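Undergrad: I have a structure here, written as structure tokens, and I will follow up with some questions on it.
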Amino acid sequence: MTPKLVRDIMKIGVPTCNLETPLPEIAKIMARENADAVIVMDEFGACGVISQSDLVHAYPRNFLLLSAKDVMTDRIVSIPPEAAVTAASHLMQDEKVHQLFVMHEHPGPSRPSAVITMHAVVRDMAGLEPERPELPKPVAGKSAAKRPLRKQ
């Protein structure tokens, strides 16, 4: 049996914010996206991560006055999509994190493309399908076949 890979259970799409995003807005992003963490972006790319734990620790510190730069962790723990899920599980334990990020492999600013979480590993252990974001539903009466061709 071939080992299951990160790409088999990762969730594509990672919510992001900027350094100045207020913590209540970050909490809304996490709730709306059903995310355990948000990647913080600056002009050079991904510069940090804010987890649910970071938000909970900030709660008693007058969180209404805090922004991403005040509570983020500047170390983003990442893993390639070709890595085995067992390696991801070990890395989560070693780094004491609940999620690992798959970063785009291209020149230029570093951007997250997917995430594997402890929740995804538990779902896999239970034999459940990976959680995948829903694709946008087509607008009624419009399809790709009926779109006018672009002039060249």
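The values are calculated or read from the model by the stated rules, or taken from the named source; none is laboratory data. Because the structure is predicted, anything quoted here is derived from the model rather than measured. Don't worry about glycine lacking a Cβ; one is built from the backbone with ideal geometry, like all the others, and counts go over all protein chains shown.
Undergrad: On the basis of being more than 19 Å from V122 (Cα to Cα) and in contact (Cβ under 8 Å) with a residue 24 or more places away in the chain, does L64 make the cut?
TA: Yes.
Undergrad: Something else now. For the stretch 23-39, how many residues are part of a helix (DSSP H, G or I) and either surrounded by fewer than 20 Cβ atoms within 10 Å (Cβ to Cβ) or at positive phi (or both)?
TA: Qualifying residue count for the region: 9.
Undergrad: Please indicate, with yes or no, whether at least one residue in the stretch 83-94 is touching a helix residue (DSSP H, G or I) at 6+ places or on another chain (Cβ under 7 Å), farther than 22 Å from L128 by Cβ and at pLDDT 95 or above.
TA: No - not one qualifying residue is present in the stretch 83-94.
Undergrad: Take the residues of the stretch 1-52 that are among the polar types (S, T, N, Q) and modelled with pLDDT of 95 or more: which is farthest from P107 (Cα to Cα)?
TA: Q52
Undergrad: Can you spot a residue in the stretch 113-131 that is at pLDDT below 95, within 12 Å of the chain's Cα centre (by Cα) and not small (G, A, S)?
TA: No, the conditions are met nowhere in the stretch 113-131.
Undergrad: Let me ask you something else. How many of the residues making up the stretch 64-81 are over 17 Å from the mean Cα position of the chain (by Cα) and either surrounded by fewer than 19 Cβ atoms within 10 Å (Cβ to Cβ) or assigned to a strand (DSSP E or B) (or both)?
TA: Here the count works out to 6.
Undergrad: Being crowded, with 17+ Cβ neighbours inside 10 Å, under 20 Å from A58 (Cβ atoms) and over 13 Å from the mean Cα position of the chain (by Cα) is the filter here, so list the residues in the stretch 1-22 that pass it.
TA: Result: T21, single match.
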